[in-house]
Amino acid sequence: MFSSSKQVLGLDIGSSSIKAFQVTETRKGFELLKFTIKDVLPDSIVDGAIMDSASVVQVINEILKELKVKKLNACTSISGHSVIVKKISVTKMAETELRDAISLEAEQYIPFDIDDVNIDFQIIGDSKATEGQMEIILVAAKKEQINDYSNLIRETGLLPVIVDLDAFALQNCYEVNYEEEPEKTIALVNIGASSININILKNRISAFVRDIPLGGKQYTEAIQKEMQLSFAEAEKLKKFIAPQRQVPSEVECILNGVSDEICQEIKRSFDFFRTQTQEVGVDKIYLSGGSSKIPGFDKLLAERTGMEVKPLDPFRRIKINEKKFDLKLLKEITHMSCVGMGLAIRKFEGK
Ligand SMILES: Nc1ncnc2c1ncn2[C@@H]1O[C@H](COP(=O)(O)OP(=O)(O)OP(=O)(O)O)[C@@H](O)[C@H]1O
Ligand SMILES: [Mg+2]
């Protein structure tokens, strides 16, 4: 899937907006070359499936025009129920051997027809529980969804070189920007419009991945229902509140109710991880995604999980030429840029 040119566009095709980033690698590290964000029409992408490809293509074309980009390699990512990531144990063997055997090994763990999925894996190490076995992270994604995203990208003139998972792009973003915590168990939590991506890293290796079908849409729909507004009005009200930090009490109550539900779901995933791995739990959470800006969400998550919660900064170690960019916009979208930045640097990782 790799092409020789290192020039790539990281394209995060979200259900509320598309984020595009281009970076370059210098001797001093990564530098941001280009970025932009554009909204997609509501319901163009539902549950990770592209419902209205013409309108999504149009948005990407506008992005390419603005960034003055043509015929570039693109890395994008998918998430949701057509993707399965599981830690499993298999007989110890060489990686090349497992490449040949993986379909047979994986079949029992995947609820889809094995011919309908692309399979990949990463070897974690020897199993502690059973001698002669090793643990791997198995990834299966429906070919149909990968093809839909690839074809859509091709229509814009870009060349889709990598279709990753949101959760792994998030991990790339973390790895490039944070290096100092190898011994900790870190949870990356990205709360978008329709999905929450969780990736728990142990010793810097992904040990648990889950997508939860909840996100900013739940807040907007709750405001819409309770206050009898249109979706667009409710969305506007929700986004307006965050920077003001003055939440009208009726809205606060609605937001808190949804935050509560989302925090419970995240905690449930952490609990599942702990019982599944029989290891100590998560030490620290790095939070990202547009909906992480809901007032009080970070505090509530810290309270409910008993863990330290920090924002994931996708530009922490990225050089940014302050004269070249609209810094106000960059600051506004920082929390939504983690998946896209992870994709933009994907090509340089040699993975
Ligand atoms: N300041 C804000 N306060 C509250 N919510 C916000 C704010 N800014 C953006 N959001 C919400 O964040 C969501 C968009 O975030 P993000 O860009 O991470 O999602 P996405 O990638 O488009 O969606 P997904 O990955 O779930 O398909 C929307 O629901 C939007 O309403
Ligand atoms: Mg997203």
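Just to be sure before I move on: is K217 surrounded by fewer than 20 Cβ atoms within 10 Å (Cβ to Cβ) and either in the same structural domain as E279 (by TED's automatic domain parsing) or among the β-branched types (V, I, T) (or both) in the structure I sent? No. What pairs come out if I take residues in the range 10-24 that are under 12 Å from M341 (Cα atoms) and within 12 Å of ligand 1 (Cβ to nearest atom) and pair them with residues that are part of a strand (DSSP E or B) and small (G, A, S) whose C-beta lies under 6 Å away, six or more apart or interchain? That search, which allows pairs on different chains as well, returns L11/A20; L11/A74.
Every residue in the range 168-200 that is farther than 16 Å from S291 by Cα and within 15 Å of ligand 1 (Cβ to nearest atom), please.
The answer is F168, A169, C173, N199.
Of all residues in the range 147-167, those being within 14 Å of ligand 1 (Cβ to nearest atom) and either aliphatic (A, V, I, L, M) or over 12 Å from the mean Cα position of the chain (by Cα) (or both) number 3. Yes or no: the range 342-350 includes at least one residue that is away from ligand 1 (no atom under 16 Å from the Cβ), surrounded by fewer than 17 Cβ atoms within 10 Å (Cβ to Cβ) and under 21 Å from T36 (Cα atoms). Yes; the residues of the range 342-350 include at least one that is away from ligand 1 (no atom under 16 Å from the Cβ), surrounded by fewer than 17 Cβ atoms within 10 Å (Cβ to Cβ) and under 21 Å from T36 (Cα atoms). Do we have I205 as crowded, with 18+ Cβ neighbours inside 10 Å, within 21 Å of M341 (Cβ to Cβ) and either in contact (Cβ under 8 Å) with a residue 40 or more places away in the chain or not assigned by TED's automatic domain parsing to the domain that holds K238 (or both) here? Spelling it out, it is not the case that I205 is crowded, with 18+ Cβ neighbours inside 10 Å, within 21 Å of M341 (Cβ to Cβ) and either in contact (Cβ under 8 Å) with a residue 40 or more places away in the chain or not assigned by TED's automatic domain parsing to the domain that holds K238 (or both).
Inclusion of G14 among residues that are within 14 Å of ligand 2 (Cβ to nearest atom), buried (at least 19 other Cβ atoms within 10 Å of the Cβ) and modelled with pLDDT under 95 is not warranted. Exactly one residue out of I37, I60 is part of a helix (DSSP H, G or I) and within 16 Å of ligand 2 (Cβ to nearest atom), and it is I60. For Q108, state whether it is closer than 29 Å to I196 by Cβ and either without any contact (Cβ under 8 Å) to a residue 60 or more places away in the chain or surrounded by fewer than 12 Cβ atoms within 10 Å (Cβ to Cβ) (or both). It is true that Q108 is closer than 29 Å to I196 by Cβ and either without any contact (Cβ under 8 Å) to a residue 60 or more places away in the chain or surrounded by fewer than 12 Cβ atoms within 10 Å (Cβ to Cβ) (or both). In the set (1) within 13 Å of ligand 1 (Cβ to nearest atom); (2) touching a strand residue (DSSP E or B) at 6+ places or on another chain (Cβ under 7 Å); (3) not polar (S, T, N, Q), the condition left unmet by K310 is number (1). Would the range 287-301 turn up any residue that is in contact with a helix residue (DSSP H, G or I) (Cβ under 8 Å, 6 or more places away or on another chain), assigned by TED's automatic domain parsing to the domain that holds K34 and either more than 22 Å from L165 (Cα to Cα) or not β-branched (V, I, T) (or both)? No; the residues of the range 287-301 include none that is in contact with a helix residue (DSSP H, G or I) (Cβ under 8 Å, 6 or more places away or on another chain), assigned by TED's automatic domain parsing to the domain that holds K34 and either more than 22 Å from L165 (Cα to Cα) or not β-branched (V, I, T) (or both).
Among the residues of the range 64-89, which ones are over 20 Å from the mean Cα position of the chain (by Cα), at pLDDT 95 or above and either crowded, with 17+ Cβ neighbours inside 10 Å or not assigned by TED's automatic domain parsing to the domain that holds G157 (or both)?
Pass one, the range 64-89, residues over 20 Å from the mean Cα position of the chain (by Cα): 64-72, 88-89.
If we keep only those that are at pLDDT 95 or above as well, we get 64-68.
Once the filter is applied, which keeps residues that are over 20 Å from the mean Cα position of the chain (by Cα), at pLDDT 95 or above and either crowded, with 17+ Cβ neighbours inside 10 Å or not assigned by TED's automatic domain parsing to the domain that holds G157 (or both), the range 64-89 yields L64, L67.
Given the options V85, V90, name the one that is touching a helix residue (DSSP H, G or I) at 6+ places or on another chain (Cβ under 9 Å) and without any contact (Cβ under 8 Å) to a residue 60 or more places away in the chain. Sole residue among the options that is touching a helix residue (DSSP H, G or I) at 6+ places or on another chain (Cβ under 9 Å) and without any contact (Cβ under 8 Å) to a residue 60 or more places away in the chain: V90.
The values are calculated or read from the model by the stated rules, or taken from the named source; none is laboratory data. In this text the structure is predicted, and so the values were computed from the model without any measurement. Here the Cβ is made from the backbone with ideal geometry for all residues, glycine too, and neighbour counts use every protein chain on show.
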